[in-house]
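Visitor: To start, I am sharing the structure in question, which I have written as structure tokens.
The values are calculated or read from the model by the stated rules, or taken from the named source; none is laboratory data. Given the structure is predicted, the values throughout are model-derived calculations rather than measurements. Using ideal geometry, Cβ is built from the backbone for each residue, glycine included, and neighbour counts are taken over all protein chains shown.
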Amino acid sequence: MNTDLEEIVNFSVLRVNEKRIDAHNSPALKDQILELIESGNKRIVVDMSAVRFVDSSGLGVLLSGYRNAASCQGELVLSGLQPQVKSMFELTRLHRVFKIYPSIDEVTGQH
Amino acid sequence: MNGPNRQSEVSIDVVIPNQTRYLDLVGEIGERVCSEIKDYSGDRVALGYNLNLAITEAISNAIKYASGPGSDKIIKVSIRVFEHELSVTVRDKGQGFDLESLPLPDLDNPTGAGLGLFLIRNIMDQVDYRRAPSGNVLEMRKGLR
């Protein structure tokens with residue numbers, strides 16, 4: 001799982017540099033998010049601008065990250081969802097669970 | 001003509017090891033097939049994404065339930081394009097599962113469980129699953145309107 005981690009203002013921004021999140025690479029993303037949470041990062045942004053495809057395992061990993069962050073009094077939000085990816089969140093109603101922002105700048109207030 | 005012997009316009013058969021690294025490859029084949037369908041007036045991008053997703057979820061399921069005696073570690077995927085319908089068949093020789101007994105996801109209190117089959121059922125028009133001594137067969141159909 002190719003990702004970049006950057007600190008922007010008070011946010012830990014995890015950029016997913018993959019065109020797909022599926023059952024092949026989602027376990028690695030799960031580990032990376034869990035590591036961030038266990039390292040004490042409370043405000044996590046998963047930026048999905050490069051992701052054009054996500055399957056049920058990808059959705060499950062993001063949901064797991066959201067719940068784990070919340071259980072540590074933290075927050076995990078999403079940014080940069082492409083239209084087809086966003087439609088997956090709507091179909092599964094997960095758009096009601098996550099805070100979803102158009103871009104990282106919208107999350108960090110840099111726009 | 002809706003019988004099993006009707007002539008398909010496109011017919012692609014792929015045999016892969018039951019490993020998740022091949023999800024991308026076969027899903028992309030399905031998506032490319034959609035971009036080549038003649039005379040389709042619907043949302044071609046959405047159709048391609050959905051077929052990619054249905055194939056990805058179906059192969060993932062076959063891999064998930066692959067263990068057990070008789071598993072020959074390969075998965076066969078057949079994609080057919082007919083005049084008014086797309087058909088994808090995924091065959092494996094794993095232990096299989098009971099389609100009807102799998103729980104539906106609780107979308108009001110989501111846990112992530114059961115989302116794969118939920119997605120397949122939502123994006124395809126008809127989903128059938130058969131377990132037979134010769135192997136498991138998941139058949140998914142989508143009308144082309």
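Visitor: What tally of residues in region B:41-53 results from selecting those that are more than 10 Å from chain A (Cβ to nearest Cβ) and either crowded, with 16+ Cβ neighbours inside 10 Å or touching a Ser or Thr at 6+ places or on another chain (Cβ under 9 Å) (or both)?
Guide: 3
Visitor: If I go through region A:80-98 residue by residue, how many of them are out of contact with any helix residue (DSSP H, G or I) (no Cβ under 8 Å at 6 or more places or on another chain) and basic (Lys, Arg)?
Guide: 2
Visitor: Can you spot a residue in region A:35-56 that is farther than 25 Å from B:Lys64 by Cβ, away from chain B (no Cβ under 13 Å), in contact (Cβ under 8 Å) with a residue 60 or more places away in the chain and part of a helix (DSSP H, G or I)?
Guide: Taking every residue of region A:35-56 in turn, none turns out to be farther than 25 Å from B:Lys64 by Cβ, away from chain B (no Cβ under 13 Å), in contact (Cβ under 8 Å) with a residue 60 or more places away in the chain and part of a helix (DSSP H, G or I).
Residues are listed down the side, and each one gets a yes or a no for (1) buried (at least 21 other Cβ atoms within 10 Å of the Cβ); (2) on the phi < 0 side of the Ramachandran plot; (3) acidic (Asp, Glu):
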{"residue": "A:Ile21", "(1), (2), (3)": "yes, yes, no"}
{"residue": "A:Ala28", "(1), (2), (3)": "no, yes, no"}
{"residue": "A:Glu35", "(1), (2), (3)": "no, yes, yes"}
{"residue": "A:Ser79", "(1), (2), (3)": "yes, yes, no"}
{"residue": "A:Arg93", "(1), (2), (3)": "no, no, no"}
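Visitor: Which one of these does B:Glu9 not meet: (1) within 13 Å of chain A (Cβ to nearest Cβ); (2) at pLDDT below 95?
Guide: (1)
Visitor: With facing another protein chain (nearest Cβ under 8 Å), farther than 21 Å from A:Ala28 by Cα and of a type outside the set (Phe, Trp, Tyr) as the only criterion, which of A:Leu91, A:Leu63, A:Leu59 stands out?
Guide: After applying the criteria, what remains is A:Leu91.
Visitor: Just to be sure I understand the filter: pairs with C-beta atoms under 8 Å, separated by 6 or more residues or on different chains, first member in region B:21-46 and aromatic (Phe, Trp, Tyr), second member surrounded by 15 or more Cβ atoms within 10 Å (Cβ to Cβ) and part of a helix (DSSP H, G or I). Which pairs pass?
Guide: Short answer, once both residue conditions are applied: B:Tyr22/B:Ile59; B:Tyr40/B:Cys34; B:Tyr40/B:Leu47.
Visitor: Return the only residue of B:Pro110, B:Pro103 being within 14 Å of chain A (Cβ to nearest Cβ), farther than 20 Å from B:Tyr49 by Cβ and surrounded by fewer than 17 Cβ atoms within 10 Å (Cβ to Cβ).
Guide: Just one listed residue meets the conditions, B:Pro103.
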